[in-house]
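Undergrad: The structure follows.
Nothing in this text is a laboratory measurement; each read-out follows from the coordinates by a stated rule. None of these values were measured; they are calculated from a predicted model. Every residue, glycine as well, gets a Cβ built from its backbone with ideal geometry; the counts of neighbours run over all protein chains shown.
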Amino acid sequence: MSEQVIEGGCRCGAVRYRLRGLPLFTLHCHCADCRRSAGGPVQTWISYPKDQVSYAAGEPNRHQSSPGVWRGFCAACGTPLVYEATRIPDEVHILVGTLDSHITLAPERHVWWEEKVPWLDFDDDLPRYARFSRGDAKPIA
Ligand SMILES: [Zn+2]
Ligand SMILES: [Zn+2]
């Protein structure tokens, strides 16, 4: 049996990553920090255990966006790629917009709903959390 491998990378191809096995979770984040860092109203992330993430080409440059939080991007083309934080040292969050394939990776929930832009709406049935949640608390909707 072959293990699931998903690949992705930045717009110019200087950074290419490889994700092995199963992700931890996938979610839509509406926080203002993601919005500004990636330049869109909502960012969709997929999280993997760090030891299942490797780089086939290059590596992201890292910018500390708040204490203990690093956002990785391609130094050549600027594509935002990953999120890492000291409070979750064994995880890497990847922006799903940079994946080569989007099959079987549907998001599970919305987080930071309280910071969502007012003109963007969703008609899905996914749980919505006011702030960040790993899905173990009670959603607000
Ligand atoms: Zn690039
Ligand atoms: Zn966010």
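Undergrad: Given N residues in the chain, what is its alpha carbon radius of gyration divided by 2.2 N^0.38 Å?
TA: It is 1.03.
Undergrad: Report ³J(HN,Hα) in whole Hz for each residue of region 120-126, in order, from the Karplus equation J = 6.51 cos²θ - 1.76 cosθ + 1.60 where θ = phi - 60°; Gly and Pro get x.
TA: My calculation for region 120-126 gives 9, 10, 10, 10, 7, 9, 5 Hz in order.
Undergrad: Can I ask one more? Using a simple charge model, +1 on the beta-carbon of Lys and Arg, -1 on the beta-carbon of Asp and Glu, nothing else, what dipole does the chain show about its Cα centre, in debye to the nearest 20?
TA: Value, rounded to 20: 380 debye.
Undergrad: Is it possible to state the helix-based mean residue ellipticity at 222 nm for the chain, with each DSSP H run of 4+ residues giving -39500 (n - 2.57), the sum divided by total residues, to the nearest 500 deg cm²/dmol? What is it?
TA: -1000 deg cm²/dmol
Undergrad: Looking at the chain, which longest stretch skips every one of the trypsin sites (Lys or Arg not before Pro) that is in a DSSP loop with at most 15 other Cβ atoms within 10 Å, leaving the sites themselves out?
TA: That gives 12-86 as the longest site-free run.
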